[in-house]
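The values are calculated or read from the model by the stated rules, or taken from the named source; none is laboratory data. In this text, all values refer to a predicted model and were calculated from it rather than measured experimentally. Glycine also receives a Cβ, built like all others from the backbone with ideal geometry; neighbour counts cover every protein chain displayed.
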Ligand SMILES: [Zn+2]
C-alpha cells in the first residue's frame, strides 16, 4: 500500500569472489565476483524485503555479466551464497512518511484550533455593525429598494472641479413610490473621508436627519446614482457604493 510514489533501492549485503568462474567477456578466470543485494522499497514506509538479487562483474575487464548470461555455475554460486545469508527485514517510516504524518497531525491541530476559536467566539463578527455581516446584496437591493435600506454614497460636486474631494455618507430610504417615480431618503448627519470608512458611521436612527427628507428620482436609482427631479445632468453626483439592509 503505497499512497505516494515509491522507489526501489538495492542494499549491498556482501560480495563473494567466484574464483572458479570465467568472464564471459574477456574469459579471464578468477577475477569475477558476485555482489548480493537486498531489495528495499522506499515510500511512506521504508521496507527491507526478504528478497535478494545479485550483480556479477569481472574486475579484469570491468564489465558485468547480466543475469540472462549467467552460466549454470554462476546460478549455482548465487543459490549457495543466498543460503549463507540471513536477511533481516524491517519496516520503518521514511522521510516522506514522517512528512505525511506531520501534515496529518498539523491538519488535526488546525481543525482543533478552529473549534477552539469558535468556542471562544473569536470567529464571530464581534465589533462589526449588524449590517456589515453577510454577503453583499447590493445588486438585488438596488432594483428593489425598501424602506430602512441604508445606502453608502459618495457625493461629488462637478462645479467644484475635477480635483474636488468627494464626501462619503449614508442615506436611509424612507419610502419608495413606483407610480410617481420617487424615492424619499434622509441623509446621515455625519460624513467620512473615504469609501473605506463607511463602517465608521453609526446607523442608529438618531444619526440620520429625519427632519429633512429629500425626494429623488427612483428610476435613476438602479444605475447606482440618484438625483433630484430638477437637477441637471451636471451638478452634484451621488454615487451608490453599496446598499445594506439592516436585520429587522
Ligand atoms: Zn572480464
Query raised in the report: Is it the case that residue 57 is part of a loop (DSSP other than H, G, I, E, B) and near the ligand (Cβ under 10 Å from one of its atoms)?
Result: no
Query raised in the report: Pick from segment 165-196 the residues that are part of a loop (DSSP other than H, G, I, E, B) and within 15 Å of residue 239 (Cα to Cα): which of them is modelled with the lowest pLDDT?
Result: 165
Query - Filter pass, residue 35 being in contact with a strand residue (DSSP E or B) (Cβ under 7 Å, 6 or more places away or on another chain), farther than 19 Å from residue 9 by Cβ and either exposed (fewer than 13 other Cβ atoms within 10 Å of the Cβ) or without any contact (Cβ under 8 Å) to a residue 40 or more places away in the chain (or both) - result: no
Query raised in the report: Is it the case that segment 87-96 has a residue that's within 16 Å of the ligand (Cβ to nearest atom), under 20 Å from residue 13 (Cα atoms) and not in a strand (DSSP E or B)?
Result: no
Query raised in the report: Of the residues in segment 204-226, how many are out of contact with any helix residue (DSSP H, G or I) (no Cβ under 6 Å at 6 or more places or on another chain) and in a loop (DSSP other than H, G, I, E, B)?
Result: 8
Report task. Only residues that are closer than 13 Å to residue 81 by Cα and away from the ligand (no atom under 14 Å from the Cβ): list them for segment 13-37, please. Result -> 13, 14, 15, 16, 35, 36, 37
**Report entry** Residue within segment 199-212 that is surrounded by fewer than 17 Cβ atoms within 10 Å (Cβ to Cβ), modelled with pLDDT of 90 or more and within 18 Å of residue 226 (Cβ to Cβ) present
**Finding:** yes
Query - Test for residue 68: is it within 55 Å of the chain's Cα centre (by Cα) and either part of a strand (DSSP E or B) or within 16 Å of the ligand (Cβ to nearest atom) (or both) - result: no
Query raised in the report: Out of all the residues in segment 17-38, is one or more closer than 29 Å to residue 100 by Cβ and not in a loop (DSSP other than H, G, I, E, B)?
Result: yes
Query - Residues that are modelled with pLDDT under 90 and surrounded by 17 or more Cβ atoms within 10 Å (Cβ to Cβ), drawn from segment 46-64 - result: 46, 47, 48
